[in-house]
Structure formats: C-alpha cells, structure tokens
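Presented below is the structure to which this report refers.
The values are calculated or read from the model by the stated rules, or taken from the named source; none is laboratory data. Note that the structure is predicted; figures quoted are calculated from it, not measured. So basically every Cβ, Gly included, is an ideal-geometry build from the backbone, and we count neighbours across all protein chains shown. Note: accessible area is taken over every heavy atom of the protein model, side chains too, but ligands, DNA and RNA are not part of it. Shrake-Rupley method; radii C 1.70, N 1.55, O 1.52, S 1.80 Å.
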Amino acid sequence: MKAVQKNNNILQPLNFRMRLKKDLKKNAFAYLLILPVLLWYFVFCYAPMWGILIAFKDYKPLLGFSKSAWVGFKHFKDFLTGPYFFRLVRNTFLLNIWGLAFGFTAPILLALLLNEVKSMRFKRIVQTITYMPHFISLVVICGLIHIFTQSNGVLTQLANFITGTEHASLLGYAGLFRPIYTFSGIWQNIGWDSIIYLSAMSSIDPGLYEAAEIDGAGRFKKMWHVTLPQIRPTIIILFIFAVGGLMASGHEKIILLYNPLTYETADVIATYVYRRGLQEASYSFATAVGLFSSVINFLLLWLTNKISKKYSEISIF
C-alpha cells in the first residue's frame, strides 16, 4: 500500500510536467502574446516594490539606498502624530465617500435610464455626449473647471443668481471644493462608467421582462425587480473595489484644482505625499505615508469583500 502511494506521489509531478509541456507546445502563440503583459507587470509593478524599504530608512540620495541609516517606524510615528494627520485622513475619506454616494451611483442610474429608452438614435446620441468628456485630457478638464468657476464664469454667475450674493472664484472657497471635485468627476466619467452596467443589462434574459409584464409590472417595477437584481453581482464587485480605494484619491486632479485657501477640505494623503516627497525631497517620509495608505486600502478591500461574501455570496476572492 505504501509502495503504491509512493509511486502515485512520484507520478503526479511527472504527469503535471507532461501536461504543462503539452499545453505550452499546443498554445505557444497564446503564451507569447501574454508574455509582454507579464513582463510589464513584473518590471513596473513588482520589481519596484523593494523600494518600500525606503519607508524604514532615512534615505539620502548621496548616500544611496544601502548606506542610508535604518530608522524603523520613525516616519510612520511622525505622520501619525503630526499636525496634519487627522485633516488628511478626514479629507481623504470624505472626498471618496462623496464619490461613493454620487459618483458610484450616477453611472448605474444613467445605465438604467438608457436601458429603458426605446429609440436607438436618441440612446446613441446620449451615450456619445456622455462618453465624450472621458476622452478629454485631465489638464483640459481642470482648465475648463477654472474657467467656469472664476469670478465671471458660468457656474459662479449661476451661484450668484441662486444665492443673491457675489462670489469670487468658487475654487477659492474651501466648502465648495468637494462638490466641484465630485460633480465635475461625474460629468467626466458618468458615460464611460455606465458601459459596464449596460453590458451586464444586455445579457439579461428578455423572458424575465415578459414574465414581469404578464404579472402587471410597469417600467419602474421591472427595473427594480428584474434589472437591478440581475446586475447586482456587477454592482457589488465594483463597490468592493471602490471601497478598497477609499484612501486613494485622484491626486492629479486635486493638485490641478486646489490652492492654500482650500487645503482645509482639499488636502488629502496623496497630495501631502506629493508635496513632501517631490517638493520637499522627504523621500522616506513620503514613502511611509504612501505605504500606510496602501495598507489601509488593502484592509478595507479585504473587510468589504469578507462582508459581501458572507451576506451576498459575491466576492472577488
């Protein structure tokens, strides 16, 4: 019996090698196609990960990586006890919660509405108009926002008309930064982000809608009881990824829009890392803050995935 088990243990690796060799020979072209992608991920995503050790050193470019002094968790402690810690975490979470509340739901609503449109011509026109801002450069988008929100801009004049008061540039008011950032992001991405939901809706069995009509369901009830349940897995998966990015904001856009007057609500962890790391050359401190943010993001992703798996049986791992 033991001899048979031993022979089986030997044969299993041999069989695996034979199957692998046969598969590589059979699908050689497919493996060659995926090789550049794997090389890209290794060179640009995995190989640079050794650089996180800088977070635990007092890195000096003149001394080099190996000769820079090891300081352990000093930079983490400096960040956690620093004067800007609570402001940065608060702003980062609030800005992303605004994005979850409005930016995440807006594409779903647009996709639901477009799914109910019977005129294909009107549907294509709406899709084209909503897709277009996504292909505009972020620098151009931020330039347009600056123009629209300056003292004589369209949005500023509209705000003056609604409130009955005169405003300077809207980007100079800390309390208005989050709405401007969030809703300009919706305008830019709502059409593009709705594509995945429209794709999910296209795979719904038409028989479900016919059965709902026989039961007397109107458009709203079909949307609520048929469409939304059918695309629920897609929504949950994207929501898990969105929650996993709560500590990561689009710092490029924020840097192009914020100013010292709006730091109170606009300054987030990513912009702080940019200023400390590139402008002040505090490479180790910036790396430590970035690593802290990444760890929190991973924990949020893991926790959200676990809750989703427990209550909906839908998860990414």
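For the residue pair D78 and S199, what label-to-label distance in nm results when each label sits 7 Å from Cα along the Cα-to-beta-carbon direction?
Each label point lies 7 Å from its Cα, and together they span 4.4 nm.
Roughly speaking, what is the stretch gain from L238 to I147, that is 0.36 nm per residue apart minus the C-alpha to C-alpha distance, in nm to one decimal?
Gain on stretching L238 to I147: 29.5 nm.
Please list log₁₀ I(q)/I(0) at q = 0.14, 0.16, 0.19, 0.27 Å⁻¹ for the range 214-263, using the Debye equation with identical point scatterers on the alpha-carbon positions.
Each listed q corresponds, in turn, to -0.62, -0.67, -0.75, -0.98.
Please calculate how many Å² of accessible area the chain carries per residue, with a 1.4 Å probe and no DNA, RNA or ligand atoms counted.
Values: 20220 Å² over 317 residues.
Solvent-accessible surface per residue comes out at 64 Å².
I'd like to compare 290-298, 239-247, 33-41: which one has the highest average count of other Cβ atoms within 10 Å, and what's the full order after that?
Peptide ranking by packing, descending: 239-247, 290-298, 33-41.
If each residue of separation counts as 0.36 nm, what is the full-extension length gain between D215 and K26 once their alpha-carbon separation is subtracted?
62.8 nm
Leaving ligands, DNA and RNA out of it, report the carbon-plus-sulfur percent of the accessible area of the range 134-224 at a 1.4 Å probe. Before the final figure, lay out each step's value.
On the way: 3570 of 5380 Å².
With neighbouring chains kept in place, the figure for the range 134-224 is 66 percent.
Mind checking which lysines have their Cα closer than 29 Å to the Cα of K309? Skip sequence neighbours fewer than 8 apart in that chain.
K221, K222
Using 7 Å Cα-to-Cβ label points, what is the S312/F65 separation (nm, one decimal)?
Simple spin-label model gives 4.0 nm for this pair.
Could you check the simple spin-label distance between R87 and F122, using points 7 Å along Cα→Cβ, in nm with one decimal?
5.0
Let a ≥ b ≥ c be the square roots of the eigenvalues of the Cα gyration tensor of the range 189-276; is it rounded (a/c under 1.5), or, if not, prolate (a/b larger than b/c) or oblate? Please list the in-between numbers first.
On the way: a/c = 3.94, a/b = 3.35, b/c = 1.18.
It comes out prolate by the Cα gyration axes.
With a ≥ b ≥ c the root eigenvalues of the C-alpha gyration tensor of the range 1-144, is it rounded (a/c under 1.5), prolate (a/b larger than b/c) or oblate?
oblate
Cross-link candidates for K57: which lysines have Cα within less than 28 Å, leaving aside residues fewer than 8 places away along the same chain?
K67, K74, K77
Provide the solvent-accessible area of K77, counting protein heavy atoms only and rolling a 1.4 Å probe, rounded to the nearest 10 Å².
Answer for K77: close to 130 Å² accessible.
Shape verdict for the range 86-143, please, from the Cα gyration tensor: rounded (a/c under 1.5), prolate (a/b greater than b/c) or oblate.
oblate
Any idea what the alpha-carbon Rg over 2.2 N^0.38 Å comes to for the chain?
My calculation over the Cα atoms of the chain gives 1.32.
Can you give me the solvent accessible area of W50 with a 1.4 Å probe, rounded to the nearest 10 Å²?
Solvent-accessible area, nearest 10 Å²: 140 Å².
Which whole-number percent is the relative contact order of the range 27-173 (Cα, under 8 Å, 6+ apart)?
Relative contact order comes out at 9 percent.
Set the Förster distance to 30 Å, then compute FRET efficiency between L138 and T163 from the Cβ-Cβ distance, nearest 0.05.
0.55
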